[in-house]
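A short write-up of the structure that comes next.
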Amino acid sequence: MADTDLSRETETTGASARLQLSVGGMTCAACQSAVQRALERTPGVTKAAVSLMTNRAEVEYLPSEASAEGLLTAIRNTGYEAEVRSIAQTAFEEQETADRDAEADYRSTRRRTAWALAAAFVSALLGMPLMGHGPGIHGNAESVPDPLIRWISAWLDAPIQAALPWLYTIPLPILRWVSAAIALWAMAWAGREFFVRAWKAALHRSTDMNTLIAVGTGAAFVYSIAVTIAHDWFTAAGAPTGVYYEPVVFILALVLLGNTFEKRAKRRTSSALRKLASLQPREARVQKGDAIVSVPVSELFPGDIVILRPGERAPVDGEVLDGDSAFDESMLTGESLPVEKFPGHPILGGTVQLAGDRAAATRYRVTRVGAESTLSRIVQLVRDAQSSQAPVQRLADRVSAIFVPTVMVLSVLVFLVWLLVPQQPSLAMAFSAALAVLIIACPCAMGLAVPTAVMVSTGRGAGMGVLIKGGEPLERLGGVSTVVFDKTGTLTEGRPSVTDVVALSAIPEVEFVALVAAVEQQSEHPLAAAVLRHAQERGISIPDATRFEALPGKGVQAVVQGRVVRVGTALWLAEAGFDVGRAERMSQDLGRQGKTPLVAAVETEVVAIMGLADSPRPEAREAVEALRRLGLQVTMLTGDRRAVAEAIAAQVGIESVSAEVLPGAKRDAIQAIQALGETVAMVGDGVNDAPALVQADVGIAMGSGTDIAGEAADVSLMRNDPRAVADAIGLSRVTMRVMRQNLFWAFFYNVIAIPVAAGALYPAWGILLSPILAGAAMAFSSVSVIANSLRLKRARLV
C-alpha cells in the first residue's frame with residue numbers, strides 16, 4: 001500500500017495520530033511481547049497496544065517522527081506479517097472479514113491437524129518394530145525412556161503383530177527411511193508454519209513459541225537422520241541408535257491439535273460481537289415516490305424513508321414519522337420490556353418491531369447510516385475494548401519477554417546434566433529430557449490468560465447493555481469501594497410526575513384535573529407536561545382554554561368553559577385574595593417531602609392541590625441493595641434541594657447524601673471521597689456530570705441507546721436502569737477472578753511442568769516425561785485457559 005493510501009487510514013488527533021494494524025503470525029505471549037516491544041522502540045511512537053486474541057495492534061505516534069510505513073516495517077522486521085486496517089470499513093464489514101479469515105484459518109489448521117494425526121498413527125505403527133518388541137529385532141527402545149510410553153507400546157505390540165504380521169518382516173533400514181519420509185512431510189507441510197516463523201524470528205534475533213517447537217523437533221529429526229544414514233557407525237561407537245521420527249510427528253500433530261481447539265474456542269469468545277454484527281438486515285424497504293423498493297442497506301442515506309412491518313428488524317437508525325408500535329430493544333440495551341414508539345421517537349438499527357393487535361407498518365426517516373449508526377459504533381466500541389490490554393497483562397508480558405530464551409538455555413543445561421550427573425549417562429535420556437523441556441514450556445497459556453477473559457467479559461457486558469471500554473476500566477471497576485450516584489435521570493426518572501392529588505372543594509376530581517390540564521397544555525413548563533401526562537394516563541378529556549397568561553415564578557391562568565382557572569403557588573393565590581390556609585399547610589407538608597405543590601383555583605374558590613416530584617426509578621432501590629450485597633458504600637451527589645434529595649434517598653435506601661452541590665463542585669466532592677482512600681465509581685448522565693465522571697476512578701454514564709456509543713465515560717449503560725451498575729461491577733469482579741486463575745495456572749503449569757520434563761521425578765520414582773506427553777500437556781494448557789475464560793458467559797454476577 002502506498003504512503004498516500006496509508007495516510008487515509010490514519011486518525012489524527014491534535015499533534016498525534018492513531019493507526020490500527022492487523023498482525024499475522026502471533027501464536028503466544030512471546031510473539032505479542034516481541035511485536036509490542038518493536039513498536040514501542042520505534043522513534044515517535046507514544047503508545048502501543050498489541051492483542052494476541054484479535055491479532056490487532058493500535059499505535060499512537062507523532063506523524064512528524066514516525067510513519068505508517070515505518071510501523072509496518074518495525075513489525076515485519078520481527079518476523080510477523082502486518083497491514084493497515086481500513087477505517088473506511090464499517091464494524092459489520094470488518095467483523096465479516098474477521099470471521100471469514102478466522103473460519104478459513106480454523107479450517108486450514110483442522111485439515112493439517114487431521115493429516116498430521118493420521119501420519120502420527122502410521123508413524124506409531126512403524127515404530128513398533130523399531131522399538132524392538134519383535135523377536136530377534138534390536139530397535140530403539142532406549143529412545144523411549146518414559147515407562148508409560150514403553151508400557152503402552154508393549155501392551156499394543158501383540159495385537160499389532162497379530163493383525164499386521166507382515167509389518168515385522170520389513171527390514172529395519174527401510175522402516176527408518178519410511179519413518180523419516182513421513183516425519184519430513186509432517187515438518188514440511190503440516191508443521192511448516194512453526195519452522196518458517198521460527199526462522200524469521202531468528203533472522204531478527206527474536207524467539208517465540210515457534211522457536212521452541214522448531215528447535216526441539218528439528219534437533220530430533222536431524223539426530224534421527226544422522227542415525228539412519230550412519231547407523232553402523234553409531235553402533236560401532238556404542239552410541240544410541242534409536243530414532244525420534246515418531247515423537248517428531250506426534251509433537252507436531254499434538255501442537256496442531258491444541259491450535260485447532262484453541263482457534264475453535266477463540267471463535268466462541270467473539271460470539272457476542274458476531275451476534276451484534278448479525279443484527280443488521282442486509283436489505284431495507286424504502287419509499288421512492290409512490291413505490292416501495294428493496295435496496296441494500298449499504299445504499300441507504302440520511303433522509304431516506306424506510307417502511308418497517310411488524311416482526312421486521314430496523315436496518316438503520318431513524319426517527320418515526322408514522323406509526324404507533326412497540327419495539328424490542330433487548331439485543332442492544334438489555335431492556336427486557338418492549339419500548340413504545342410514536343412519531344418523533346428514535347428507532348435504533350437492529351431492533352425489532354413487535355407484532356401485536358394494534359401493530360401496523362412504521363414509516364421512519366433515516367438519520368444515521370454506516371459507521372455512524374448506533375449499532376455500528378457499539379460493535380466498534382466492543383471490538384476496541386476486546387483489543388485493549390488490562391494492566392494485569394503487563395506481568396505476563398514481562399515474563400514472556402525473557403521466557404523463551406531462558407527455556408532454551410535451561411534445555412541445554414538439562415541435556416548436559418543428564419550426560420554428566422548419572423552414574424550411567426544416557427544420550428537418549430538426555431536428548432529426550434531436553435526435547436521435553438523445549439516442548440512443554442510453551443508460553444501460549446500466559447499470552448491467552450488475560451485477553452480471553454477480557455474478550456468474553458466485554459462481550460457478555462455488551463449483551464447486557466453494559467459497554468466497558470477496555471481492559472483497564474474493566475480492571476479498575478473490580479476495585480471500586482464506593483459508588484456515587486447523581487440523582488436526576490440516574491436514580492430518578494429525570495422528569496416530574498404527579499404524585500398527590502387532593503380535592504379541597506366539592507368539585508369532582510376528574511373535573512378539576514381536566515380544568516387544570518386545559519390551562520397547563522398551553523404552558524411549556526416541565527410541571528405542565530407532568531399534569532398533561534397525568535390527565536392522559538387517566539383517560540380524561542381535556543377542554544380548550546382561552547386568554548392564557550403566564551406569570552413567571554407565580555403560576556398560569558386561563559378561561560376554560562367560561563370559568564377563570566388559576567394554577568400556581570399558594571402565595572400567589574393569597575395575594576389575589578383567595579383563602580389558602582389549608583392549601584398553604586399542605587404545600588408545606590409536600591415541600592418537606594421533596595415535592596413541588598401546585599394549587600388550583602376556579603373562579604373564587606381553591607379547589608385542589610397537586611404534589612409533583614421526580615419519582616425514583618422502580619429499579620433504584622433494588623440497585624442500591626445489590627451494590628450493598630457486593631460490599632460497596634453508596635452515596636448520592638446532587639445539585640437539587642436538600643429536602644428533595646433526602647426524600648429520594650430515603651425511598652431508594654441511600655443514607656449518605658450530598659445536596660445543593662453545584663456542577664463544578666461535584667468534581668471536588670469526588671476528590672474528597674478519594675482522599676479518604678476510597679476507589680470511586682461515579683454514575684451520572686454523562687453530560688452535566690462530565691467533570692465528576694472524569695475525576696472518578698471509573699466513570700459510568702447512563703443514557704439511551706441513541707447517544708450512548710459516543711459517551712466519554714469508562715463504562716456506558718445502554719439502558720436507563722441503575723441495576724446495570726451492579727451488573728457491571730459484578731462482571732468486573734468475576735472477570736478479575738478468572739484472570740488471576742488463568743495467570744496462576746499458566747505460571748503454575750510451567751513451574752511444575754518444566755522440572756517434571758527435566759527429570760526431577762526420575763531419581764525417586766523413575767518417571768521421565770516423554771516429548772510426546774509434553775506436547776499433549778502443552779496443548780492442554782492453552783485450551784484449559786480459554787475454557788476457564790468461557791465460564792464468564794454463565795457466571796453469576798451479583
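Screening Asp157 on (1) out of contact with any His (no Cβ under 9 Å at 6 or more places or on another chain); (2) closer than 23 Å to Leu773 by Cβ shows it passes everything except condition (1). In the range 583-608, the residues that are touching a residue at least 12 places away in the same chain (Cβ under 8 Å) and on the phi < 0 side of the Ramachandran plot form Cβ pairs under 8 Å with partners that are hydroxyl-bearing (Ser, Thr, Tyr) and part of a helix (DSSP H, G or I), at six or more places apart or across chains, as follows: Pro597/Ser587; Val599/Ser587. Within the range 761-783, can one find any residue that is in contact with a Ser or Thr (Cβ under 8 Å, 6 or more places away or on another chain), of a type in the set (A, V, I, L, M) and part of a helix (DSSP H, G or I)? Scanning the range 761-783 turns up no residue that is in contact with a Ser or Thr (Cβ under 8 Å, 6 or more places away or on another chain), of a type in the set (A, V, I, L, M) and part of a helix (DSSP H, G or I).
Determine whether the range 112-128 contains at least one residue that is at pLDDT 70 or above, open to solvent by 10 Å² or more (accessible area, probe 1.4 Å), at negative phi and among the basic types (Lys, Arg). Scanning the range 112-128, I find at least one residue that is at pLDDT 70 or above, open to solvent by 10 Å² or more (accessible area, probe 1.4 Å), at negative phi and among the basic types (Lys, Arg), so the answer is yes.
Among the conditions (1) buried (at least 16 other Cβ atoms within 10 Å of the Cβ); (2) of a type outside the set (S, T, N, Q); (3) assigned to a loop (DSSP other than H, G, I, E, B), Val565 misses just one, which is (3). Candidates in the range 273-299 are the residues that are more than 30 Å from Thr458 (Cα to Cα) and part of a loop (DSSP other than H, G, I, E, B); of these, the one that is most open to solvent (accessible area, probe 1.4 Å) is Asp290. Restricting the search to helices (runs of 4 or more DSSP H) fully inside the range 623-728 and requiring at least 2 residues that are at pLDDT 90 or above and farther than 25 Å from Val456 by Cα gives 642-652, 663-675.
Quick grid of which residues meet (1) touching a strand residue (DSSP E or B) at 6+ places or on another chain (Cβ under 7 Å); (2) modelled with pLDDT under 80; (3) over 30 Å from Gly127 (Cα atoms):
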{"residue": "Leu252", "(1), (2), (3)": "no, no, no"}
{"residue": "Lys266", "(1), (2), (3)": "no, yes, yes"}
{"residue": "Leu273", "(1), (2), (3)": "no, yes, yes"}
{"residue": "Ala277", "(1), (2), (3)": "no, yes, yes"}
{"residue": "Gln280", "(1), (2), (3)": "no, no, yes"}
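Annotation: Val178 fulfils all but one of (1) of a type in the set (A, V, I, L, M); (2) modelled with pLDDT under 90; (3) open to solvent by 60 Å² or more (accessible area, probe 1.4 Å); the unmet one is (2). Summed over the range 496-552, the residues that are surrounded by fewer than 15 Cβ atoms within 10 Å (Cβ to Cβ), in contact (Cβ under 8 Å) with a residue 40 or more places away in the chain and in a helix (DSSP H, G or I) give a count of 1. Among residues of the range 774-798 that are under 22 Å from Pro755 (Cβ atoms) and at pLDDT below 80, those with a beta-carbon under 9 Å from a residue that is among the acidic types (Asp, Glu) and assigned to a helix (DSSP H, G or I) at least six positions away or on a different chain give the pairs Ala779/Glu262; Ser782/Glu262. Residues that are surrounded by fewer than 17 Cβ atoms within 10 Å (Cβ to Cβ) and farther than 23 Å from Val698 by Cβ within the range 625-643 comprise Arg641, Arg642, Ala643, listed in sequence order. Annotation: of all residues in the range 402-432 being at pLDDT below 85 and open to solvent by less than 10 Å² (accessible area, probe 1.4 Å), the one that is farthest from the chain's Cα centre (by Cα) is Ala428.
Candidates Glu646, Glu655, Glu678, Glu660: the one that is in contact with a strand residue (DSSP E or B) (Cβ under 6 Å, 6 or more places away or on another chain) and open to solvent by 60 Å² or more (accessible area, probe 1.4 Å) is Glu646. Among the residues of the range 22-43, the one identified as open to solvent by less than 20 Å² (accessible area, probe 1.4 Å) and in a strand (DSSP E or B) is Val23.
Scanning the range 202-219 for residues that are open to solvent by less than 10 Å² (accessible area, probe 1.4 Å), more than 20 Å from Leu184 (Cα to Cα) and assigned to a helix (DSSP H, G or I) gives a single hit, Met209.
The values are calculated or read from the model by the stated rules, or taken from the named source; none is laboratory data. Keep in mind that what you see is a predicted model, and the values were worked out from it rather than measured. Here Cβ is always computed from backbone atoms with ideal geometry, including for glycine, and neighbour counts include all displayed protein chains. In case anyone asks, the SASA skips ligands and DNA or RNA and just uses the protein heavy atoms, side chains included. Shrake-Rupley method; radii C 1.70, N 1.55, O 1.52, S 1.80 Å.
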